[in-house]
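The values are calculated or read from the model by the stated rules, or taken from the named source; none is laboratory data. The shown structure was predicted, so the numbers you read here are calculated from the model rather than taken from an experiment. Glycine also receives a Cβ, built like all others from the backbone with ideal geometry; neighbour counts cover every protein chain displayed. Accessible surface is based on the protein model in full, side chains and every heavy atom, while ligands, DNA and RNA are left aside. Shrake-Rupley method; radii C 1.70, N 1.55, O 1.52, S 1.80 Å.
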Amino acid sequence: MDLKNIQKKLFNLSLVLFVLLIISFLPFFNSSNKVKSVDSAIINPKNKNSVEQIILYGKTDTKAASGTPEIIETENSRLIIKKQDDFWFLSFNDNFIPVNQIQVNSFLEELCKIQKFYKISDSKKALKALSLEESDSADFCIQLSQNTVLFNLSGKSENKVYIRSTVSDKVFEIQNSKLVSFLNSDVNFWADSSIIPQSVFANSSIQSIRIIKDGRQIVYDEKSTIKKLLSLTHGKFQYSIPLPADELKDDFQSTDNINSLQNSQYFSQQFPERFRFIEQTTIFADFGDGSEIKIHAKPLTDESYVLTYAFFPANQIEKPLREIIQEFNYSVIVSSWTMNNFTGE
């Protein structure tokens, strides 16, 4: 082999080694630069009961459709799920609304599952860019007794979520499509959609459902009939206007006084031709411990009714929880078909 061939082969070998050396410094091939994952849970299962609040920050406007009033979410609106004596309830736009207890428990279980965490930053400067600097900048947060966990959707993937605990500047990324569905939710996702939300008085069973319409009363006390009525659900919380519980308690069946209530004024103005107070139906759900739910029903259109709620907890319910339940006052829409199931028409 002549000297030229040897030099040529040495040159080619040197070129290959040089290219391999360059490639070895690239992140894709350098194992030391790979993003490593850590198996963990967002919340330690032992701390599950220390979750005090779940907060979803409203950041987008919801447009009204077909002239029907809807909840308009603003930058300042917050959907807050709070706990009192292991009972979860929902606060939205200054209204207290019964929450779907199963939905909340499912969310907490998801937080306690072991999943892969990828650390993407531990820099304080990066927190603002990731919208995880303060609670108000995040999409979602979980408040525990001694800590707050912030969440933000990455925007780049349907399954990615950024997470940070307020006790640290570290930001992690997880991939969890089920968790994303919780973070993308609204009041209708979390609220109890039952027309008669029996979960409010979960420690007592419904003894009867009474309907008063046009001066006549219908009483349902058979278990099979009650079970059927309890399965009926209402539509979305298309509006939610505070209704004074004290006034409603005193004047619930008074046509003259009902006209002074805020809900009545609002709907009378919006639908003057359809919202007639002489056409009134009242639904009573009577519980074994003496608690009661009263629902005032009015025709809204030819195909729908508006239901206005008031809750009256029994005296034996602990005072803090009793006072919260008394503040459950809200309105929803149901179809005429659903109302006919109650009135037997």
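Here are the numbers for the structure shown:
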read-out: Residue among Thr148, Thr225, Thr166 that alone is closer than 17 Å to Phe107 by Cβ and among the β-branched types (Val, Ile, Thr); value: Thr148
read-out: Scan of segment 306-337 for residues that are among the hydroxyl-bearing types (Ser, Thr, Tyr), assigned to a strand (DSSP E or B) and crowded, with 21+ Cβ neighbours inside 10 Å, ordered by number; value: Thr308, Tyr309, Ser331
read-out: Only one of Phe312, Phe267 that is out of contact with any Leu (no Cβ under 6 Å at 6 or more places or on another chain) and modelled with pLDDT under 90; value: Phe267
read-out: Scan of segment 195-217 for residues that are open to solvent by less than 40 Å² (accessible area, probe 1.4 Å), more than 30 Å from the chain's Cα centre (by Cα) and among the hydrophobic types (A, V, I, L, M, F, W, C), ordered by number; value: Ile211
read-out: Residue count, segment 169-215 (criterion: among the hydroxyl-bearing types (Ser, Thr, Tyr) and farther than 30 Å from Ala126 by Cα); value: 6
read-out: Restricting segment 109-150 to residues that are in a helix (DSSP H, G or I) and open to solvent by less than 20 Å² (accessible area, probe 1.4 Å), the residue that is farthest from Lys48 (Cα to Cα); value: Leu127
read-out: Residue list for segment 50-103, restricted to those being under 21 Å from Ala310 (Cα atoms), in contact with a strand residue (DSSP E or B) (Cβ under 8 Å, 6 or more places away or on another chain) and at pLDDT below 85; value: Ile71, Phe92
read-out: Residue in segment 291-299 that is at pLDDT below 90 and either farther than 20 Å from Ile324 by Cβ or under 25 Å from the mean Cα position of the chain (by Cα) (or both) present; value: yes
read-out: Check on Val219, in contact with a Lys or Arg (Cβ under 6 Å, 6 or more places away or on another chain), aliphatic (A, V, I, L, M) and at pLDDT 90 or above; value: yes
read-out: Qualifying residue in segment 222-238 (condition: closer than 13 Å to Thr308 by Cα and modelled with pLDDT under 50); value: no
read-out: Selected residue (criterion: farthest from Ser37 (Cα to Cα)) from residues of segment 162-194 that are among the hydrophobic types (A, V, I, L, M, F, W, C) and open to solvent by 20 Å² or more (accessible area, probe 1.4 Å); value: Phe189
read-out: Where Asn340 falls short, out of the listed (1) within 13 Å of Lys213 (Cβ to Cβ); (2) buried (at least 16 other Cβ atoms within 10 Å of the Cβ); (3) polar (S, T, N, Q); value: (2)
read-out: Of all residues making up segment 213-230, the number that are within 17 Å of Ala297 (Cα to Cα) and in a helix (DSSP H, G or I); value: 2
